[in-house]
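What follows is a short report on a single structure.
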Amino acid sequence: MQLDPRDLVLDLASLRNGSNSGSFEIDMSGIDWGIEDAEPASPSGTLDLDVNYSEKSVIVRGRLSACFATSCARCLGRAVFEVTEDVFAAFSRDGGNTADGEMARLPRDGRSLRLLDAVKEAVILSVPGKPLCREDCRGLCPVCGENLNVSRCGHEGAAGAGCVR
Ligand SMILES: [Zn+2]
Ligand SMILES: [Zn+2]
């Protein structure tokens, strides 16, 4: 099984009928992720793929082992997270459905499949609901905006009261 690691394009001619599996090193910064609020935080990642190929359909399951960074919900600093969601994509020659959802149509004369969107989706689904730069992030001072992880501004008592004059 051959995959171009620069744009995550799978060469269909390299697949045999049935299960195909492979592990690919990805240069994370070489890919145009285009994900709002998240960017790669590790220089390289590993994409493990299991592709089930037949005349009629191509089912792709996989996992990207990599870290991304987004903004901390408390201090707006850098919050790193791991990709935890699986990659899934299903394509068929003539449309149809699988137990896992709708299948996209395979390009009729296509020799290759672009997996970037499916991998991107796994990254987006992995962005934590409340990302934190660290478990005990102190956040920003609601009075003066100071990053309380970095320094104390002396407003702590006021911040605790919740109604600052
Ligand atoms: Zn933080
Ligand atoms: Zn303050």
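Here are some conditions: (1) open to solvent by 60 Å² or more (accessible area, probe 1.4 Å); (2) without any contact (Cβ under 8 Å) to a residue 24 or more places away in the chain. Thr46 meets all but one. Which one does it not meet?
(1)
Of everything in region 126-143, what is open to solvent by 90 Å² or more (accessible area, probe 1.4 Å), under 23 Å from Ala66 (Cα atoms) and more than 17 Å from the chain's Cα centre (by Cα)? Give them in sequence order.
Matches in region 126-143: Arg134, Glu135.
The values are calculated or read from the model by the stated rules, or taken from the named source; none is laboratory data. Computed from a prediction, not measured in an experiment: that's the story for all the values here. Methodologically, a virtual Cβ is constructed for each residue, glycine included, from the backbone with ideal geometry; neighbour enumeration extends over all protein chains shown. Heads up: the accessible areas ignore ligands, DNA and RNA and are worked out on the full protein's heavy atoms, side chains in. Shrake-Rupley method; radii C 1.70, N 1.55, O 1.52, S 1.80 Å.
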